[in-house]
Amino acid sequence: MSGTKHQDNRRPQSPHATDHEMEHLRQQHLMLDPKPRGELNAMVMESMQTVTWKFWLTVALLGAVVLVALFGAWGYLIAEGLGVAGVNRPSYWGIFLVNTVFWIGISHAGTFISAILRVFKAEFRRPFTRAAELMTSFGLVQAGMSIFMHMGRVWLSYWLFPIPNQRGIWPNFHSPLSWDLLAITTYLLASTMYLFLPLIPDLAMARDRSTGWRKNFYKILALGFRGTEGEWTHLRTALNIFAFAIIPVMFSVHTIVSWDFAAAMRPGWNSTIFGPYFVIGALHSGMGAVVIVLAVVRATMKHMQYFIRAEHFDAIGKLMLIISMGWAYFFFNDYMVQWYGGDKYTDYLLHWHEAGPLGWMWFAMLVVNIVIPWAVLWNKKWRSNPWLVAVVGLLINVGMYFERYIIVPISLTINRMPFTWRLYQPGIEVPLSIGTLAFFILLYVVASKLIPIIPVWEVQEGQMAHSLKKFGRETVVTVSELE
Amino acid sequence: MAENISLLAIFPDLGPASEAIEQLRALGVGDEAMNVISGIPVTEAMLGRPRQWTNVPRLAMGGAAVGFLGGAFLAFGTPSLYNVYVGGQPLIPGPPSVVVIFELTMLGMLISTFLGVFLDSYFPSYRPMEYVAEISDGKIGILFSCPEKSRDRISKALANLGAEKIETAEAQQL
Amino acid sequence: MIDLNQVGAKGALVEGAEGKWGIVIDQDLCTGCQACVAACAMENNIPFVGEEDAGYGRSMHWMRIERFWEGEYPEVKMTPFQPTMCQQCGSAPCEPVCPAFATVHSAAEQLNLQVYNRCVGTRYCANNCPYQVRSFNWRDYERPAPLDNQLNPDVTVRRKGVMEKCTFCIQRIHRAQDQAKSEGREVRDGEFAPACAQACPAEAITFGRLDDPESLVSQLVRRGNGVRLFEDLGTQPRVTYLKGGA
């Protein structure tokens, strides 16, 4: 370490690569296109603080939908009872449960990206971990609301919590619904904490660069973070623990949700493969939702085109393809075993799925969950097109919603007492579902203007770790292990 | 005895900062008297600093143990307190107990990890502290204390190594 | 040796096929007149849901008469009517899944109890019942005067959001037990009957103690032409259906 003029070792240097090559690499890869941290900070702050009339219009419209379709309709539901919903005998559960499973599924993508990709050191995760993790927290809020909506006497739902009381009884831990309560609470708290921890340094940055009410807001939330060695050590240790520990939590949550169905003795439900089938289904719909969110963020927020690039859609698209293959594997497992088994009522059920009045849903599900991803996502050029991948993601989400609709109300129609078979027709669940979607988007839009959506310190860390190395005649990207 | 003062030196990059730390050591500033403040986590090895100790893993294990006990209480205590038979299952069911204990163990571990960060870093801390905003812009700051009389000597040495700014560390409201 | 009639497959203590109260329904005698359904509704304060809700599968009768037929019109052959109510399973699938302990097994009468004031309305129990005999209060149904005069004071009136089902007229069981206890004797076989058995004009429904070998229900069960619904699911139902017998 001589004391001569230091080399700017942030910029990838390669004396043999042509300028054209370098420019190309810089354009393609965020990690090879470093900017001074001050500039990154300024970009993120500007994208957060730029609030136009379009933002307010969006918030107003979403707010109106939430007020009427969510809170208004829910109030009506509580006042009138579940008769205004579509549930009946034998479909005692309907769209509320479908929504619950759907939103928990969406929330798994956030954890996948911020935890599993971190553990596997997939560097491409860096710019969008927080955007994905926000989906987890807000998705779980919607899932929780959907659970409360489906309860007959929701004002007494506190009876399901193990707290000291005068009723002389605690909740029943034999019941999968009680496991649901514990699992979803654990997951909600864990993912919110996991969202907040890496946010602290960025809140400190925002605190340093803002004034007025924003400065107060960030000052309080940043907890006095400065970036001392001690603080970074504690933070990084905690993040490592979280990344490893939240993975089994994530797997357990959707497995436990699947046991709401698998533990019941209904034809088509009592399947041992529901655990992993639901987990991979969650990842399937979740990754599809992530690309939609990223495409929208990239298109609507300033400077996001620098942070979120085609390479990220390419990488996520590869994951989507693999997950789609996994989903197809588990679906076929479940289907083949039921089809072969020959149990009378399961046979009726499978026939009802494929040839009943909603048989089109079953075929549509297979087309959008398997055929379209396999047809589109193998091609690197198509994968690098954000809007194409986002459309595929949207179709996957539609397909996964169909899958859960088939599993809950459609499967409940067929049971062992044919005298009770009756089709389920949604009632107030429709506006309430639209309301939860609007609420999710509203929370996200507001959050995007309140907290920095790009984890700038992680992006800078990644840019520091990436360099170019010459192997023979080829210039190759190399990543250093910084930890 | 000369009074000790606190100085904050800002460096634009990792290289000069690590050289500066070595220089400071040579000039008599001990490791305990130094603290490095940065906008991204730079490992102690890169700067030639001694390893930082953290209580977070121990707290995580402790929290996991507390969570385990809580889960065991729910799984085994509830049926003992309220012995209600359901569905031909034993009073204390096997597989459901596993689920309950697992979830609460994980919850205990993660909450205590989170609170461990707060505890170890003394968060939240809203008192005025030595800091400059340039640090979150990617500069590396070295906060150190040295005798008053060495101030000029040290400042000159650091400036030679590329320090952008050397000033008395003032505790400011963040 | 573990006797699986005493200790269930999960290691839980389950009573064998014997239990206390049981019902035998002679399907050869049943005419499908639905007097039992009406009597049950009167006895247990079951609300009237109205035409629209009933058409949508929300009728709240605790008992239903299932009718099936074979063949195509005009060669249609009726099969015996099947009155279906809660089977009071010994190993009830509805019990473990309720998160609020609102449906539990009674040690005294060995029936499946529905505790209205613990129910929060998650409806998992109804999904898990293979017989689909549970009714849910989808709304608060009205009883315009003077229908409210018909309410049975021995039975709770349920509000919206609560699950309910056949209780083997547990209020009548308790009244008979109280009466017998105050007279210092056991309840006699045939001393009382649930509303359905009482109302049946063909005497197709018989009620009594299955663990008393001399009771009429035990004798009818021993006749040998009885079947239990979905017995292979391991639910240990307490209702036996007699078909094609003497």
Inset, instruction - Report, ordered by the first and then the second residue, all pairs with beta carbons closer than 8 Å, sequence separation of six or more or different chains, a first member in the stretch B:34-46 that is under 15 Å from B:ALA169 (Cα atoms), and a second member that is hydroxyl-bearing (Ser, Thr, Tyr). - result: B:ASN35/A:THR228; B:VAL36/A:THR228; B:ILE37/A:THR228; B:ILE37/B:TYR131
Inset, instruction - Check the stretch C:205-213 and report whether any residue there is in a helix (DSSP H, G or I) and among the aliphatic types (A, V, I, L, M). - result: no
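Here's the yes/no breakdown for (1) buried (at least 20 other Cβ atoms within 10 Å of the Cβ); (2) of a type in the set (A, V, I, L, M, F, W, C):
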{"residue": "A:SER384", "(1), (2)": "no, no"}
{"residue": "A:LEU394", "(1), (2)": "no, yes"}
{"residue": "A:ARG404", "(1), (2)": "yes, no"}
{"residue": "A:PRO409", "(1), (2)": "yes, no"}
{"residue": "A:PHE419", "(1), (2)": "no, yes"}
{"residue": "A:GLU429", "(1), (2)": "yes, no"}
{"residue": "A:GLY435", "(1), (2)": "yes, no"}
Legend entry - Residue among A:TRP327, A:TRP362 that is assigned to a helix (DSSP H, G or I), in contact with a Phe, Trp or Tyr (Cβ under 9 Å, 6 or more places away or on another chain), buried (at least 21 other Cβ atoms within 10 Å of the Cβ) and modelled with pLDDT of 95 or more: A:TRP327
Inset, instruction - Could you please give the count of residues in the stretch A:48-88 that are away from chain C (no Cβ under 12 Å) and either not in a helix (DSSP H, G or I) or not aromatic (Phe, Trp, Tyr) (or both)? - result: 23
Inset, instruction - Answer with yes or no whether A:ALA115 is in a helix (DSSP H, G or I), within 12 Å of another protein chain (Cβ to nearest Cβ) and in contact with a helix residue (DSSP H, G or I) (Cβ under 9 Å, 6 or more places away or on another chain). - result: yes
Inset, instruction - Determine whether the stretch A:170-180 contains at least one residue that is in a helix (DSSP H, G or I), more than 14 Å from chain C (Cβ to nearest Cβ) and of a type in the set (D, E, K, R). - result: no
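Hey, can you tell me all the residues within the stretch C:152-172 that are of a type outside the set (D, E, K, R) and under 13 Å from the mean Cα position of the chain (by Cα)?
Kept after step one, since they are of a type outside the set (D, E, K, R), are these residues of the stretch C:152-172: C:152-153, C:155-157, C:161-163, C:166-171.
The answer is C:CYS166, C:THR167, C:PHE168, C:CYS169, C:ILE170.
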Inset, instruction - Please specify each residue of the stretch C:105-140 satisfying the condition of being of a type in the set (S, T, N, Q), within 8 Å of chain A (Cβ to nearest Cβ) and over 15 Å from the mean Cα position of the chain (by Cα). - result: C:THR122, C:ASN127, C:ASN128, C:ASN137
Legend entry - Residue list for the stretch B:94-137, filter: in contact (Cβ under 8 Å) with a residue 12 or more places away in the chain, within 14 Å of chain C (Cβ to nearest Cβ) and of a type outside the set (Val, Ile, Thr): B:PRO96, B:SER97
Inset, instruction - Read through the list (1) under 28 Å from the mean Cα position of the chain (by Cα); (2) more than 7 Å from chain B (Cβ to nearest Cβ); (3) charged (D, E, K, R), then give the number of the only condition that A:LYS215 fails. - result: (1)
Legend entry - Pair list, Cβ under 6 Å, 6 or more apart: the stretch C:92-107 residue free of Cβ contacts under 8 Å to residues at least 24 places away in the same chain, other residue among the polar types (S, T, N, Q) and in a loop (DSSP other than H, G, I, E, B): C:PRO96/B:GLN89; C:PHE101/A:ASN172
Legend entry - Search result, residues across the stretch C:62-103 that are surrounded by fewer than 21 Cβ atoms within 10 Å (Cβ to Cβ) and in a loop (DSSP other than H, G, I, E, B): C:ARG67, C:PHE68, C:GLY71, C:GLU72, C:TYR73, C:PRO74, C:GLU75, C:VAL76, C:THR79, C:PRO80, C:PHE81
Legend entry - Output for the stretch C:133-155, where each listed residue is within 25 Å of A:PRO90 (Cα to Cα) and surrounded by 14 or more Cβ atoms within 10 Å (Cβ to Cβ): C:VAL133, C:ARG134, C:SER135, C:PHE136, C:ASN137, C:TRP138, C:ARG139, C:ASP140, C:TYR141
Legend entry - All positions within the stretch C:143-162 that are more than 7 Å from chain A (Cβ to nearest Cβ), out of contact with any Pro (no Cβ under 8 Å at 6 or more places or on another chain) and closer than 17 Å to C:ASP53 by Cα: C:ARG159
Legend entry - Top-ranked residue in the stretch B:13-36 [being of a type in the set (A, V, I, L, M) and assigned to a helix (DSSP H, G or I); ranked as nearest to the other protein chains (Cβ to nearest Cβ)]: B:LEU14
Legend entry - Counted residues, the stretch A:233-275 - those being more than 7 Å from chain B (Cβ to nearest Cβ), closer than 20 Å to A:TRP93 by Cβ, assigned to a helix (DSSP H, G or I) and not small (Gly, Ala, Ser): 8
Inset, instruction - Spot the failing condition for B:VAL42; the list is (1) assigned to a helix (DSSP H, G or I); (2) surrounded by 21 or more Cβ atoms within 10 Å (Cβ to Cβ), and only one is missed. - result: (1)
Legend entry - One residue from B:GLY70, B:GLY141 being within 30 Å of A:MET193 (Cβ to Cβ), more than 7 Å from every other protein chain (Cβ to nearest Cβ) and assigned to a strand (DSSP E or B): B:GLY141
Inset, instruction - Among the candidates C:ASP189, C:ASP212, C:ASP232, single out the residue that is in contact with a Leu (Cβ under 7 Å, 6 or more places away or on another chain) and among the acidic types (Asp, Glu). - result: C:ASP189
Inset, instruction - Kindly list the number of the only condition in (1) under 22 Å from the mean Cα position of the chain (by Cα); (2) within 14 Å of chain C (Cβ to nearest Cβ); (3) of a type outside the set (A, V, I, L, M) that fails for B:PRO57. - result: (2)
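The values are calculated or read from the model by the stated rules, or taken from the named source; none is laboratory data. Just so we're clear, the structure is a prediction, and the values are computed from it rather than from any experiment. With ideal geometry, Cβ positions are generated from the backbone for all residues, glycine too; neighbour counts draw on all protein chains shown.
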